[in-house]
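Student: One structure, as structure tokens, below. Some questions next.
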């Protein structure tokens, strides 16, 4: 334990220099100066934790091990399975995005998605009956992350849903996500009208078997290679997946065309993928999760291994603190609204898709995708600034995922809670926006910041595991 | 006629200021200063022509009309036809890239491609017999441009070849090109081995009918919209067409899948397109030509409407000088060679694909495609510099084709020979490199500059059409 005087200020000069040392680490890592304005002295308790972290002999190696495991992962889609088969989900068990939450605390889009999932599973005849089952606590809710899965937006995964299976042979990890439904009125945004349920049935009964057959023919599909390409083609891998989705279709077209179904059905599959520029999001998300999971449970590591939101709370998990969630109320994204919606329709931040920023892309690779900042009135310079800031809070640059406009510099990878707290720079997150009211669907897309408190709590928790604690 | 003293220098002060006025035009056009070093006083005869051009009352309006016609064109692929059907080509008539040339003056790759085309048409039993037919002047050679067509590299188009038909309803123009064969040992690079001829036969008999059926189902395919997207996805539309080719396949996949042939044949088509990242080059080239052709024959216009190379000479055509070619010996490209080749294997610059630079993309849109300068050892900054320079020699910015990394500025469009001569800045060209020896095929890809003399001759010719001449 370090010493403090009665004023709460640190008396030990070695320790009071630590915040500065973390800053100089950051400066050395990037070869550029940190703007003084970006730094504010952390509060007393945090200064203590920062000093403990800095003194922790395990820290440097643990963080290197964590970030290298994540960077060297080579996740591949190996096939399509179901939530029942792969995760043992039963009919009234539902996965959801973000940290754990109850129906009573769930936001509109999560509630809407649960109602829709009950309808899909045939557990309720109509929305009212589904709603009553939920109110009566007749359903079980579990975070996707607790079962090796991730789900965009509401992230609801139910028993019969088809899932991509993504494996990383390097670190022996596996992760899952369901299949992307497209934009607008979709379950993951909280919509549950008949067209939503019909589409989910078509995905389960037609699309999934065809993709399954195509993957079997094609062999493992290298997601990291897809991302490496698409980041050099205007995607940032979270809110823009146009290039990735086109490259996926191009690569798979021959294997899909050979599937043993009618040409009309093949054609429907191509129409569906062609009409959905986020089609690969549900592949890149489990790929990022499989990669990040390899960095879990390394004693002393302050690296973030998951950021996720349930629509009510934002939560993070950190390598050196096991499966503990550090949560705070979620902020509300700002961005571009679809016609007919206003700011008051936007639900607070929701979804597991922040696994992309955890992996070092999405908002962190904004310099790849100037089209996104333009949507929210920003310039190319702002996109570059965002990415440059992210180098200040990360542990490494990913040599496999390069940013062409920054002369092929690797993406800023591995968020260090100690750097976040000491620089007071929050991770940049790009995200979709769901309607607040259950049943609405998507209302827009934009940018959001996590609450600082999550990183502060995580810092304290890892600090407490150290010898000096 | 302007006055000159015995030294050949201009005596008229009004006229001696003209060079400066052209420069200040350029400065106003771009809102940026022109580097003094980039300007050298043109030679006396050229100074005279520049002064005539500057005094030409027609110039400003003629150039505006020319560049606006090219910019507002909206070329679409409407179907697949043959060279015999669309252009009336007979079996011993062959189109080639660039300005007119004889067999005797033709370079290796053009000779190789002609030998291959004779084999494809069944006019010769083997390469020796084909070569003899050529030596005996038993074939007729015509530039692609003289028949409303363009061809990449050797650009050889023969009677039976399938062609894309590209129409622009805005200006009522039509243009054609053949179908892209892929990289390596291909006819357009001068190769004519059995695998090359077999591939051409498969293109004519299998690929073309399937694409034809797919286009008929799909309706006109908007090439300008494709380019607008792909320029924001790392393509520059000449040497990099990865995004464009993937987007084309994505858009067309459903229509192709519905074609009335076996799934094995559909699958072959997808494999072929997936394996060829330049697949759309042969669509974007006739689209650029159809656009540029709308700018032809405007009296007084100094805008370039074609730049093309036949492997021996580089030639340009200018709006205000009809169909006259202004030629000079072609330079040899510099760039990256495929393994096993050296600098001495590179043929001088060849192909009609400089229609892309004529249209304002390719080398002009280098800022879109930093991956290309990286190939030749350059930086992102160099890519931006190239594009910035091109604004100095062009008449307008194309609002339909934007450069994301330059905050969505339009591409520099409409090369003005007067600006080229007065600034001494040559158009930047990206290009493939063919082997010098007939039969070799592609040896690499790189950058090249046109000879200044073409622009000087064109300037003089347009000047001579004016009242002050």
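Student: Which number in (1) away from every other protein chain (no Cβ under 14 Å); (2) surrounded by fewer than 23 Cβ atoms within 10 Å (Cβ to Cβ) marks the one condition that residue B:168 misses?
Tutor: Of everything listed in (1) away from every other protein chain (no Cβ under 14 Å); (2) surrounded by fewer than 23 Cβ atoms within 10 Å (Cβ to Cβ), residue B:168 misses just condition (2).
Student: Another question, then. Determine which single condition residue A:397 fails, assuming it passes every other condition in (1) in a helix (DSSP H, G or I); (2) surrounded by fewer than 23 Cβ atoms within 10 Å (Cβ to Cβ); (3) touching a helix residue (DSSP H, G or I) at 6+ places or on another chain (Cβ under 8 Å).
Tutor: (1)
Student: Okay, moving on. Which of the residues belonging to the stretch B:361-382 are farther than 25 Å from residue B:289 by Cα and in a helix (DSSP H, G or I)?
Tutor: Hits for the stretch B:361-382 are B:370, B:371, B:373, B:374, B:375, B:380, B:381, B:382.
Student: Evaluate the following for residue B:244: is it at pLDDT 95 or above, buried (at least 23 other Cβ atoms within 10 Å of the Cβ) and at positive phi?
Tutor: no
Student: On to the next question. Can you spot a residue in the stretch B:337-347 that is away from chain A (no Cβ under 14 Å), assigned to a helix (DSSP H, G or I), at negative phi and within 16 Å of the chain's Cα centre (by Cα)?
Tutor: No; the residues of the stretch B:337-347 include none that is away from chain A (no Cβ under 14 Å), assigned to a helix (DSSP H, G or I), at negative phi and within 16 Å of the chain's Cα centre (by Cα).
Student: Let me spell it out: the conditions are (1) within 23 Å of residue B:204 (Cβ to Cβ); (2) in contact with a strand residue (DSSP E or B) (Cβ under 7 Å, 6 or more places away or on another chain), and residue B:99 meets all of them except one. Which number is the exception?
Tutor: Just one mismatch for residue B:99, condition (1).
Student: Condition first: closer than 15 Å to residue A:97 by Cβ, surrounded by 17 or more Cβ atoms within 10 Å (Cβ to Cβ) and in contact (Cβ under 8 Å) with a residue 12 or more places away in the chain. Can you find one or more residues in the stretch A:192-212 that meet it?
Tutor: Checked against the condition, which is being closer than 15 Å to residue A:97 by Cβ, surrounded by 17 or more Cβ atoms within 10 Å (Cβ to Cβ) and in contact (Cβ under 8 Å) with a residue 12 or more places away in the chain, the stretch A:192-212 yields no hits at all.
Student: Then there is this: Which pairs have Cβ atoms under 6 Å, sit 6 or more apart or on different chains, and link a residue in the stretch A:374-399 that is over 19 Å from residue A:426 (Cα atoms) to one that is modelled with pLDDT of 95 or more?
Tutor: Going by the 6 Å Cβ cut-off, the qualifying pairs are A:398/A:71; A:398/A:360; A:398/A:410; A:398/A:411; A:398/A:413; A:399/A:410.
Student: Out of the helices (runs of 4 or more DSSP H) lying entirely within the stretch B:236-314, which hold 3 or more residues that are under 25 Å from the mean Cα position of the chain (by Cα) and within 14 Å of chain A (Cβ to nearest Cβ)?
Tutor: Once the helices (runs of 4 or more DSSP H) in the stretch B:236-314 are filtered for at least 3 residues that are under 25 Å from the mean Cα position of the chain (by Cα) and within 14 Å of chain A (Cβ to nearest Cβ), what remains is B:242-257, B:263-274.
Student: Among (1) assigned to a loop (DSSP other than H, G, I, E, B); (2) under 28 Å from residue B:232 (Cα atoms), which single condition is residue B:357 missing?
Tutor: Going through (1) assigned to a loop (DSSP other than H, G, I, E, B); (2) under 28 Å from residue B:232 (Cα atoms) one by one, residue B:357 breaks only (1).
Student: Answer with yes or no whether residue A:372 is within 14 Å of chain B (Cβ to nearest Cβ), touching a strand residue (DSSP E or B) at 6+ places or on another chain (Cβ under 8 Å) and over 24 Å from residue A:68 (Cβ atoms).
Tutor: yes
Student: Continuing with this model, one more query. Out of the residues in the stretch B:402-418 that are more than 14 Å from every other protein chain (Cβ to nearest Cβ) and crowded, with 24+ Cβ neighbours inside 10 Å, which is farthest from residue B:363 (Cα to Cα)?
Tutor: Result: B:418.
Student: Can you pull out every residue in the stretch A:51-64 that is touching a strand residue (DSSP E or B) at 6+ places or on another chain (Cβ under 9 Å) and either assigned to a loop (DSSP other than H, G, I, E, B) or modelled with pLDDT of 95 or more (or both)?
Tutor: Across the stretch A:51-64, the qualifying residues are A:62, A:63, A:64.
Student: I need the full set of residues from the stretch A:212-235 which are more than 14 Å from every other protein chain (Cβ to nearest Cβ), within 23 Å of residue A:265 (Cα to Cα) and part of a helix (DSSP H, G or I), in order please.
Tutor: Once the filter is applied, which keeps residues that are more than 14 Å from every other protein chain (Cβ to nearest Cβ), within 23 Å of residue A:265 (Cα to Cα) and part of a helix (DSSP H, G or I), the stretch A:212-235 yields A:212, A:215, A:216.
Student: Among the numbered criteria (1) under 28 Å from residue A:384 (Cα atoms); (2) buried (at least 20 other Cβ atoms within 10 Å of the Cβ); (3) modelled with pLDDT of 95 or more, which one does residue A:452 miss?
Tutor: (2)
Student: Taking the stretch A:375-394, which residues are surrounded by 24 or more Cβ atoms within 10 Å (Cβ to Cβ) and facing chain B (nearest Cβ under 10 Å)?
Tutor: The one that is surrounded by 24 or more Cβ atoms within 10 Å (Cβ to Cβ) and facing chain B (nearest Cβ under 10 Å): A:383.
Student: Among the numbered conditions (1) more than 14 Å from every other protein chain (Cβ to nearest Cβ); (2) more than 30 Å from residue B:105 (Cβ to Cβ); (3) in a loop (DSSP other than H, G, I, E, B), tell me where residue B:323 comes up short.
Tutor: (2)
The rows are residues; the columns are (1) touching a strand residue (DSSP E or B) at 6+ places or on another chain (Cβ under 6 Å); (2) buried (at least 24 other Cβ atoms within 10 Å of the Cβ); (3) within 14 Å of chain A (Cβ to nearest Cβ).
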| position | (1), (2), (3) |
| --- | --- |
| B:335 | yes, no, no |
| B:352 | yes, yes, no |
| B:361 | yes, yes, no |
| B:368 | yes, yes, yes |
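The values are calculated or read from the model by the stated rules, or taken from the named source; none is laboratory data. Everything numeric in this text was worked out from a predicted model, so none of it was measured. For neighbour counting, all protein chains shown are included, and Cβ atoms are generated from backbone atoms with ideal geometry for every residue, glycine included.
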